[in-house]
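Only one structure is covered here, and it is reproduced in the block below.
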Number of protein chains: 2
Amino acid sequence: MNKKQLIMEKSLELFAKQGFEATSIQQITDYCSISKGAFYLSFKSKDELILALIDHFMIQFTADADYVVTNTEDDEKLFYEFYYSTFHSFQKHSDFTKVLMKEQTHSFNKDFIIKMRAYDKLFEKTILSMIERVYGEEVEHTKYDLVYCIKGFISIYSQLFLLQKAPVDLNLLSRSLVEKTNLLARHTTIPFISQEMIQIGNEPLNEEVTKEQILDIMEQKIEEIEESIEKESLILLKQHLIEPTLSQAIVKGLLENIRNHPHCKWISYLLRGYYKF
Amino acid sequence: MNKKQLIMEKSLELFAKQGFEATSIQQITDYCSISKGAFYLSFKSKDELILALIDHFMIQFTADADYVVTNTEDDEKLFYEFYYSTFHSFQKHSDFTKVLMKEQTHSFNKDFIIKMRAYDKLFEKTILSMIERVYGEEVEHTKYDLVYCIKGFISIYSQLFLLQKAPVDLNLLSRSLVEKTNLLARHTTIPFISQEMIQIGNEPLNEEVTKEQILDIMEQKIEEIEESIEKESLILLKQHLIEPTLSQAIVKGLLENIRNHPHCKWISYLLRGYYKF
DNA sequence: TTGACAATTGACCGATTGGTCATTATTATA
DNA sequence: TATAATAATGACCAATCGGTCAATTGTCAA
């Protein structure tokens with residue numbers, strides 16, 4: 001098994017239990033049954049491991065949410081699909097979600113905070129685009145508050161059901177939140193958050209990603225993953241990106257092929273943005 | 001100045017900036033201009049300092065919220081007063097609020113988590129009593145969800161305005177949240193959280209506090225605070241607790257005298273419960 | 001079988017941590 | 001002023017941290 005993956009998986013378990021600071025590299029290497037030196041062959045430092053974990057999972061969360069928004073045609077179902085998918089992701093990667101809950105704004109490391117803020121802004125942007133699409137002009141003055149309320153719902157209900165041992169009815173939860181969202185969207189009259197207050201648009205991750213950057217990441221991922229449909233699709237997409245030869249339908253199909261592979265979600269997200277799907 | 005207070009105030013500043021784990025006792029003692037040994041004369045350990053800080057502030061938050069609920073007669077204004085008071089407290093003790101945000105469920109220390117959970121449950125209980133009072137039967141099936149939504153609002157908007165440097169219009173914020181609360185209370189039909197799910201009532205801090213326990217705390221506080229109206233009132237209340245001699249009006253007045261003294265809020269809270277005001 | 005090269009190890013490093021305690025400074029009492 | 005009691009100090013401790021690197025083991029073409 002890939003050392004890097006092994007370390008990431010095992011360390012995440014420990015982080016979820018104890019938090020970053022409280023987990024020593026010694027503990028991680030013991031748990032992985034490798035030596036301390038071997039750890040530093042895979043990661044330059046403990047911080048680099050943490051940043052890699054954040055990227056790995058936040059990329060999936062962000063891409064998943066974006067995919068749902070892009071690929072749900074029925075406006076009526078949009079928020080339901082969004083809530084369901086979000087909580088489903090949280091549940092699936094509950095260890096990482098627990099770490100997020102624990103650390104939150106925390107962790108003194110500047111890079112860490114900047115990274116999390118950037119992903120948070122992306123998430124906000126996705127929510128805002130949903131709101132504008134479903135409610136349009138109707139919520140012009142209250143849409144930013146709505147963004148925050150939705151974030152509040154997700155945050156507080158996640159906390160609740162991560163502590164719960166019993167399985168949670170995600171369908172019921174999502175439906176109940178859709179009802180609340182609709183209520184707030186349609187009847188709120190007193191806005192509190194103004195556009196200036198959250199200044200969407202000044203964050204680095206919003207920048208357009210260049211073709212070359214995408215190619216770099218693709219090559220990297222092609223190296224990483226084993227022979228499979230996903231790898232083939234990735235190679236074809238890479239060639240198409242260098243010199244377009246395929247029809248839009250084929251490209252969409254290829255994107256569909258790779259979108260559920262954990263290593264390809266980010267590429268899938270970037271390419272959808274690049275081709276303006 | 002009292003050493004204990006000095007350490008608590010100064011350490012809180014450092015915790016707010018850096019977090020618990022990242023702040024060493026050396027840093028704290030340097031910042032207080034005292035020696036390391038002196039620190040251990042006031043607190044048995046670093047953990048004890050942290051627990052003292054939590055008690056000091058959570059007692060104030062809890063007691064403040066409870067006071068507002070008990071002393072607001074107009075149901076129409078109840079939630080407004082509650083939101084306003086809560087955010088006002090957060091703003092006033094923003095350093096502690098920041099620490100709470102940072103650490104949250106965090107911090108591996110069992111005692112810490114248990115304590116925070118207990119205060120959280122008290123807060124939930126206060127919110128629930130407000131909901132039942134204002135909306136009554138109407139929200140029988142959705143009241144627990146409402147509790148969580150309100151907690152979500154408070155949590156997410158606190159985050160927002162703690163990061164904001166500019167002063168925040170608490171009046172506007174509170175009014176906007178009251179509107180949202182009313183909307184959710186009056187029109188939500190799909191409940192998600194059931195009573196069993198949050199099992200209110202199984203936490204230790206809910207237990208009835210005995211007269212002796214209150215007396216202990218009162219004696220301790222009488223030692224702590226300097227000569228003042230508050231101290232006199234405290235002594236009178238103590239005597240009355242041992243052997244009731246004063247009329248209810250006088251007791252109420254004495255309680256009013258002490259309720260704004262930082263050291264007396266908890267006593268005020270306990271006595272109000274004891275006398276069933 | 002050899003030997004060049006890469007992968008892996010874990011003893012070791014300096015720094016820092018929470019906590020201790022013999023010693024010293026300060027204050028109160030007589 | 002002399003003495004007892006209390007408050008305060010900071011050098012010191014063992015433990016642990018993230019990180020390094022000389023030494024060892026494994027791999028594979030020649």
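Mean Kyte-Doolittle hydropathy of -1.0 or higher plus an axial Cα length of 24 Å or more: which whole DSSP H helices in chain A meet both?
A:46-71, A:75-92, A:110-135, A:143-163, A:170-187
Shape of region B:45-206 from its Cα gyration tensor (a ≥ b ≥ c, root eigenvalues): rounded if a/c is under 1.5, otherwise prolate when a/b > b/c, or oblate?
Verdict is oblate for region B:45-206.
Give the Rg/Rh ratio for the protein assembly as shown, taking Rg as the radius of gyration of the Cα atoms and Rh as the Kirkwood radius, to two decimals.
When Rh is taken as the Kirkwood radius, the ratio is 1.01.
Quick check: pseudo-label points 7 Å beyond the Cα along Cα→Cβ at B:H88 and B:K276, how many nm apart are they?
The two pseudo-label positions are separated by 3.0 nm.
Would you mind working out the magnitude of the charge dipole of the protein assembly as shown relative to its Cα centre, with +1 at each Lys and Arg C-beta and -1 at each Asp and Glu C-beta, to the nearest 20 Debye?
860
Given +1 on the Cβ of Lys and Arg, -1 on the Cβ of Asp and Glu, and no further charges, what dipole in debye does region B:1-108 carry about its Cα centre, rounded to the nearest 20?
Approximately 800 debye in magnitude.
Using the 7 Å Cα-to-Cβ label point, sort the distances from A:I235 to its equivalents in the other copies shortest first and give them in nm to one decimal.
Result, one decimal in nm: 9.0.
Which residue, B:C264, B:I235, B:I225, has the largest displacement toward the positive end of the dipole of region B:211-274 when charges sit on each Cβ (Lys, Arg +1; Asp, Glu -1)?
Farthest towards the positive end: B:C264.
With unit charges on the beta carbon (Lys/Arg positive, Asp/Glu negative), name the residue among B:A52, B:I198, B:L128 whose Cα is farthest towards the positive pole of the charge dipole of region B:45-206.
B:A52
Please give the per residue accessible area of region B:1-43, computed with a probe of 1.4 Å over protein heavy atoms only, in Å².
Value returned for region B:1-43: 51 Å² of accessible area per residue.
Quick one: compute the contact order of region B:1-43, relative version, from alpha carbon pairs under 8 angstrom and 6+ residues apart, as a percent.
Result for region B:1-43 is 45 percent.
Give me the percent of accessible area attributable to carbon and sulfur for the protein assembly as shown, probe 1.4 angstrom.
52
Under a 5 Å amide H to amide H cut-off, with H placed in plane at 1.01 Å, what residues pair with A:I193 once short-range neighbours are removed?
A:D145
Compute the FRET efficiency between B:A249 and A:R117 as 1/(1 + (r/R0)^6), taking r as their Cβ-Cβ distance and R0 = 60 Å, and round to the nearest 0.05.
With a Förster radius of 60 Å, E is 0.65.
To the nearest hundred square angstrom, how large is the accessible surface buried between B and A, total for both chains, probe 1.4 angstrom?
When B and A are taken together, about 3800 Å² of accessible area is lost.
Do me a favour and compute the ellipsoid semi-axes for chain A from its Cα gyration tensor, root of five times each eigenvalue, largest one first, whole Å.
32, 26, 18
If each of B:Y40 and A:D55 carries a label point 7 Å out from its Cα toward its Cβ, how far apart are those two points in nm?
If labels sit at B:Y40 and A:D55, their model points lie 4.5 nm apart.
Could you check the simple spin-label distance between B:I229 and A:L236, using points 7 Å along Cα→Cβ, in nm with one decimal?
8.2
Note down the relative contact order for region A:211-274 as a percent, whole number, built from C-alpha pairs under 8 angstrom at least six residues apart.
Relative contact order for region A:211-274 comes out at 38 percent.
Dipole of chain B, Cα-centred, from +1 at each Lys and Arg C-beta and -1 at each Asp and Glu C-beta, to the nearest 20 debye?
720
Counting pairs of alpha carbon atoms under 8 Å apart in space and at least six apart in sequence, what relative contact order in percent does chain B give?
It comes to 20 percent, rounded to a whole number.
Let me know the mean shielding of B:140-151 by other chains, meaning the per-residue number of their Cβ atoms within 10 Å of its Cβ.
The per-residue average across the peptide is 3.
What residue in chain A has the Cβ closest to the axis turning A into B, and how close is it in whole Å?
A:G152, 2
The values are calculated or read from the model by the stated rules, or taken from the named source; none is laboratory data. In this text the structure is predicted, and so the values were computed from the model without any measurement. Positions of Cβ are generated from backbone atoms using ideal geometry, with glycine treated the same way; all protein chains shown enter the neighbour counts. These area figures cover heavy atoms from the full protein model, side chains too; ligands, DNA and RNA do not enter into them. Shrake-Rupley method; radii C 1.70, N 1.55, O 1.52, S 1.80 Å.
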